[in-house]
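The values are calculated or read from the model by the stated rules, or taken from the named source; none is laboratory data. Bear in mind the structure is a predicted one, so any value in this text is a computation, not a measurement. All Cβ positions, glycine included, derive from the backbone under ideal geometry; neighbour counts span all protein chains shown. Calculation scope for accessible area: heavy atoms of the full protein, side chains included, ligands and nucleic acids excluded. Shrake-Rupley method; radii C 1.70, N 1.55, O 1.52, S 1.80 Å.
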Amino acid sequence: MPMTADTPHNAIPIALLGALREIVGPDGVVSDPDELRVYEADAFAFQHRGMPGLVVLPTSTPQVAEVVRLCARHGAAIVPRGAGTGLSCGATPRGGEVVVALTRMTRLLSLDAVSRTATVEAGYVNLWLTQAARPYGLFYAPDPASQQACTLGGNVAENAGGPHCLKYGTTTNHVLGLTVVLPSGEIVRLGDVVQDRPGYDLAGVFVGSEGTLGICTEVTVRLMPAPESVKTILAIFRTMEDASTAVSNIIGRGIIPVALEMIDRPTLQAVEASSHAGYPLDAGAVLLIELEGLRAEIEAEAAGVESICREAPCLSVQTAQSEAERIRLWKGRKEAAGAFSRISKHFYHEDTVVPRTKLPQVIAEIDAIAARNSVRVASVFHAGDGNLHPLICYDGDVAGQMESALRAGSEIIHYCIAAGGAVSGEHGIGLEKRDQLRLMFSPADLEAMQKVRRVFDPAGGMNPGKIFPDEERGAER
Amino acid sequence: MSPASGLPAAELLAVVGAPHLVTGEGRLRYRIGGAVPRGALQPADAGEVERILALAWRDGLGVVPWGGGFHQGIGRPPARYDLALDLARLDRVIDHQPGDMTVTVQAGLTLEALAALLGRHGQHCPLDPPPATRATVGGVLATNLSGPLRCRYGTARDLVLGLRIAHANGTRSVGGGRVVKNATAYDIPKLYLGALGTLGVIVEATVRVYPRPPADAGEIIAFPDLSAAAAMADRLLHSSLVPTRLELLDGGGGRGIRLLVTLAGVPEAVAFQQNAVAEMAAVAGGKLQTEQLPADLDLLGEFPWGADTGRGDGVLWRGGVRVADCARAMAAVRGVAGMDVSSEAAATVSAGTLRGRLSGGPEALCQAALKVRTSLEGLGGYLVVLEAPPAVRTALDVWGSPPGSLHLMQQLRQAFDGRRILNPGRFLESL
C-alpha cells in the first residue's frame, strides 16, 4: 500500500506514560507497537497511516479531561478517535500523537421518551440507539453505512450522514447538546436539550469539526417517531438521462423520499457479476427509492413515483411487497463497494456533492475524466441531494495507475466545485482533502475557521494537521 | 454640534452616495429605545457594506446592522450607536434553481418577497417568524427567530446552507455552500445564526426550500383545561401523524386553552390525518372550532407581536423548557394571571419553545415577568425578554443567566470583532 512520508514516531516521555496509566488504569493504555498498529489508520487507509505514540482508553468524561490536561502539560498532541470507520483520515495519526479512543465510553445515560431525546457517551454505537429507542416507538435518524460499528462521538466529529438523510438531515440536525473536553482539559456543555437558548450556537459549530476543537464525550440527540410505513421501489432505466429525469420529477412533484439512490452502469455490471442482483446488463442506471411515513401518504407517493418512472421512461419498476423483497432490492446498492473489491484490485472512494440539477452534466464529465486518465470509474449517488461517490478503480501494482486514480479523483473534485458543489458531502476533510479546501474557500474564509480553532485550541494540540492546508496551520504542534 | 460630527462623513458619502447617508431627521427611523444613531447608511451591495465597516472599524464606531427594524427591541440598548447599517437595498435574489430546492438571496430581502418568488415555482421557505411583511432574511437569521412551522421544518440552523459575511474589520468571507449536504470543514454559518450580528453582518444567505404541499388543512381544538390539551398534544407527537404546526395556545380575550394543528401533504394523507386529529380530540374532550383556523393562523403569524398591543407597554417574551415540561411551563405562565396582568402564551410543543405577551401596569409587569422567568428556570429552562418598557428592562436582564460556555463566546467575539463595533453591548454579558 502506497504511503506518504509521515512524521516519524515520537517517543512518549516515560513520566507521561506513567501518569496516564494512573488516570485510566494499566489496561487503559496501549503502548505495545503491535497493538498500536490497529490505530494507525481509519477506514480510508489509501494514502495515510501513522503510528500513534500511545493509545489511551478512558472510561469517563473526568478521565478524558485529566488525560487532556496531562497531554497539554507535556506538549503531547492528541488524536481523538471513535470506531475508526471514518473515510477521510480524520482519526489517523500523523505519527507519535496520543490517540484518545472513546470506545470504552459506551453507556446510554438517559432516554427521555416524552421529550424524545437521548444522551449517550461518545463511544456508544449508532445502531444501538435505534435499538434502544425502538420499544418507545422512536428511532435515531442518521444512519451512516458503518452504523453497526461507528460511534455517536465519531458521528458528531464528522457530521455523519447516511442514505436516509435526504429526508431527515445529517447528524447536525439531530444533535441538541454536547459535553466536550476542551483542549485545555476544561469540561464544557455546548447546546442543550432545552432549545434556542440565547448565545452562539457552539454545538452547531462543533459538529463536523473533526476532533480539532476538543473531544466530545457525551452527546444529546433528538429521537423521531418511527414511521408507520416504508415502501421501497426499484426502477431500471436504459440511460442515466432517463433516470435523472425521473429524479427531477420526483423532487419536483414535492415527494421527498428518505433515500433516492442511483447506481450507474459500471456499478450495476460489477454488482451483477458478483452477486446476481437481477440487473439487466444493458441497463444504463438503476434507481432505488425508499419512502417512509404515514401509510396514506406513502401509498399515494409510491403510486406517483411508479408513474413518474414509467413516464421517464424506465425499462421496469417494482415495489417491494415484503420485508424480504425490500432487503433484496437494497442488496445491489449495499454490495456495490464489495463488488468492486472483487473485480478491481484497488479502488479509491471519492465523496463530493453538487447542486442536484447538475448531476447529469457531472456524470457525463466523470465518464470523460475516466477515459482521459485510463481508469474505470463507477458511481453510486445519493441522487436526491446531489452527493456522489465515484469509485475509481486501479491496480496499485501497475506503475502509474494509482497516480492516474488520484489525478482522476482530483479532476472530478475540481469539476464539481466549478459546478457549484462542495469538496465533501459526508466523509469530511481529515488528511485526505486538506489541499482541496482552497478550491472552495478563500484564505479569508479559512481564516474565519481558524479564528474559531484558535479560540478552542490556542496551542493547536488537538488533532493537528487535520482539515486545514499546511500553510494555514501556524500555531499547530 | 451636528449629529454627524465624529463621523467620517465624506468617506462614507463616497461609498454610498448622497441619498443613502442619512444624517438629518431621517435618523429617527432608526431609534432604539431612546438611542438615535449619528447617521444611517443604506448601502447598495455587499461591497459597500464591507467598505462602510472598514471605516467604522478604523474609527471605532458603534454599528447596528438593520434589517426590517421590527425586532430591534431585542437585546439591551446599544452601548455606542454611531451608525445604523440599513440593508434594505440588499434585496436581490442571487440565484434560484427550483430543481435544486435552494435559493441564494441578499440579506435585506423580506420574507414576503421571498415567499412571492418561491410561490411562483410552487415552493416555500418555511421560516415563519412574525411578521413576514417586514422581517428580512438577514434579520431573521441574526435573531434566530422561528415560527410554528418549526414543528415540521426545523429552524434557521436546519435551513441555512451557506452565508456570506461582512466582518467587523471590513473583510468578507463565506461559510457553507449552495449544496444541501456538506461536510467540508467547519460548519461556520452556525456561528452567525442567533448571534445578533455581533460576529459579522450577514449579507447573503443560501437556504433550503421545500415544495408547497398539494393540500393542507388544520384544526383548532378548544379544551376545558391545560392538562387535557397537553395530553392530546403528547399523544399526537407520539403518533405517526406528521403535523406541520402543533401549538398549545393560552389565549387572552376569553379564547381559553386551545390546540392548533395543521397538516399538509397529498390530499389522501391530509384527509386521513384530519380524521385522526378529530378522533383524538373527541377522546381528549376537546371541541373542534375549525372555522376559527384562518383567523387564529393570522394572529399566530404576528404573535407575540400584534396589532392589538401598543408597543412599549407590554412585555413580549420567548422561552424554552424540555419538551416534557411544556405543559408545566404553560401552567406556570397561566399562574401570573392573578398578578394584575393579563397573559397570553403559545408553545411549539414539539420543541418545548414558548412565547408570550404580558400586559398591565409597569410594576405588575415586572413582577409577572420575573415570576415567569423563575418558573421556567425552575424547570431547567430560560426566558428572554423581547420587548418591554424601560422600567422592566432595567429591573431584569433581558437575556437571563448566561450559559456555562460564555467564556468561549466572549473569546469568539474578541476574535471576530476585537473593537466591539458590531451591536456593542446588546447581546449577552460582554459580547
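Details
- Residues located in region B:339-385, provided they are part of a loop (DSSP other than H, G, I, E, B) and either open to solvent by 20 Å² or more (accessible area, probe 1.4 Å) or more than 29 Å from B:THR262 (Cα to Cα) (or both): B:MET339, B:ASP340, B:SER350, B:GLY361, B:LEU379, B:GLY380
- Single residue of B:ALA388, B:ALA415, B:ALA395 found to be under 19 Å from the mean Cα position of the chain (by Cα) and either among the small types (Gly, Ala, Ser) or open to solvent by 60 Å² or more (accessible area, probe 1.4 Å) (or both): B:ALA388
- Within the option set B:GLY400, B:GLY381, being at the interface with chain A (Cβ under 10 Å from one of its Cβ atoms), within 23 Å of the chain's Cα centre (by Cα), on the phi > 0 side of the Ramachandran plot and not hydrophobic (A, V, I, L, M, F, W, C) holds for one residue only, B:GLY400.
- Within region B:135-153, the set of residues being surrounded by fewer than 22 Cβ atoms within 10 Å (Cβ to Cβ), in contact with a Pro (Cβ under 8 Å, 6 or more places away or on another chain) and not in a helix (DSSP H, G or I) comprises B:LEU149 only.
- Any hit, region B:314-322, residues being touching a helix residue (DSSP H, G or I) at 6+ places or on another chain (Cβ under 8 Å), part of a loop (DSSP other than H, G, I, E, B), crowded, with 20+ Cβ neighbours inside 10 Å and at positive phi: no
- The lone criterion from (1) surrounded by fewer than 24 Cβ atoms within 10 Å (Cβ to Cβ); (2) of a type in the set (A, V, I, L, M, F, W, C); (3) out of contact with any Leu (no Cβ under 7 Å at 6 or more places or on another chain) left unmet by A:VAL188 is number (3).
- Residues in region B:191-201 that are aliphatic (A, V, I, L, M) and either at pLDDT below 95 or in contact with a Pro (Cβ under 8 Å, 6 or more places away or on another chain) (or both): B:VAL201 only.
- Selection from region B:183-207 of residues that are in contact (Cβ under 8 Å) with a residue 12 or more places away in the chain, hydroxyl-bearing (Ser, Thr, Tyr) and either part of a loop (DSSP other than H, G, I, E, B) or closer than 20 Å to B:ASP86 by Cβ (or both): B:TYR192, B:THR198
- Scan of region A:277-303 for residues that are open to solvent by less than 10 Å² (accessible area, probe 1.4 Å) and either out of contact with any strand residue (DSSP E or B) (no Cβ under 8 Å at 6 or more places or on another chain) or within 14 Å of chain B (Cβ to nearest Cβ) (or both), ordered by number: A:LEU291, A:LEU294, A:ILE298, A:ALA302
- Among residues of region A:229-253, those that are away from chain B (no Cβ under 14 Å) and either in a strand (DSSP E or B) or among the acidic types (Asp, Glu) (or both), counted: 8
- Only one entry of A:GLY177, A:GLY161 meets the criterion of being open to solvent by less than 10 Å² (accessible area, probe 1.4 Å) and either modelled with pLDDT under 95 or touching a Pro at 6+ places or on another chain (Cβ under 9 Å) (or both), and that entry is A:GLY161.
- Residue match in region B:224-245 (condition: open to solvent by 30 Å² or more (accessible area, probe 1.4 Å) and within 18 Å of B:PHE303 (Cβ to Cβ)): yes
- Look at (1) surrounded by fewer than 23 Cβ atoms within 10 Å (Cβ to Cβ); (2) among the charged types (D, E, K, R); (3) away from chain A (no Cβ under 13 Å) and you find that B:GLU219 fails only one, number (1).
- Note on region B:159-182: residues that are facing chain A (nearest Cβ under 7 Å), open to solvent by less than 10 Å² (accessible area, probe 1.4 Å) and assigned to a loop (DSSP other than H, G, I, E, B) total 2.
- Checklist (1) touching a Cys at 6+ places or on another chain (Cβ under 9 Å); (2) buried (at least 22 other Cβ atoms within 10 Å of the Cβ); (3) of a type in the set (Ser, Thr, Tyr) applied to A:SER344, failing item: (2)
- Residue check: A:PRO313 meets all listed conditions (1) part of a helix (DSSP H, G or I); (2) surrounded by fewer than 19 Cβ atoms within 10 Å (Cβ to Cβ); (3) not aromatic (Phe, Trp, Tyr) but one, namely (1).
- Test for B:GLN97: is it open to solvent by 20 Å² or more (accessible area, probe 1.4 Å) and in contact with an Asp or Glu (Cβ under 8 Å, 6 or more places away or on another chain): no
- Selection status of B:GLU204, away from chain A (no Cβ under 11 Å) and open to solvent by 20 Å² or more (accessible area, probe 1.4 Å): yes
- Residues in region B:237-284 that are in a helix (DSSP H, G or I) and touching a residue at least 60 places away in the same chain (Cβ under 8 Å): B:LEU237, B:ALA281, B:ALA284.
- The single residue among A:VAL380, A:VAL375, A:VAL354, A:VAL398 that is among the aliphatic types (A, V, I, L, M), out of contact with any Lys or Arg (no Cβ under 8 Å at 6 or more places or on another chain) and within 18 Å of A:ALA285 (Cβ to Cβ) turns out to be A:VAL354.
- Annotation note: Cβ proximity below 7 Å between a residue of region A:178-207 that is within 9 Å of chain B (Cβ to nearest Cβ) and a residue that is basic (Lys, Arg) and open to solvent by less than 20 Å² (accessible area, probe 1.4 Å) (sequence gap 6+ or interchain) occurs for A:ASP201/B:LYS190; A:GLY204/B:LYS190; A:VAL205/B:LYS190.
- Taken over region B:390-431, the criterion of being among the small types (Gly, Ala, Ser) and out of contact with any Lys or Arg (no Cβ under 8 Å at 6 or more places or on another chain) is satisfied by B:ALA391, B:ALA395, B:SER401, B:GLY418.
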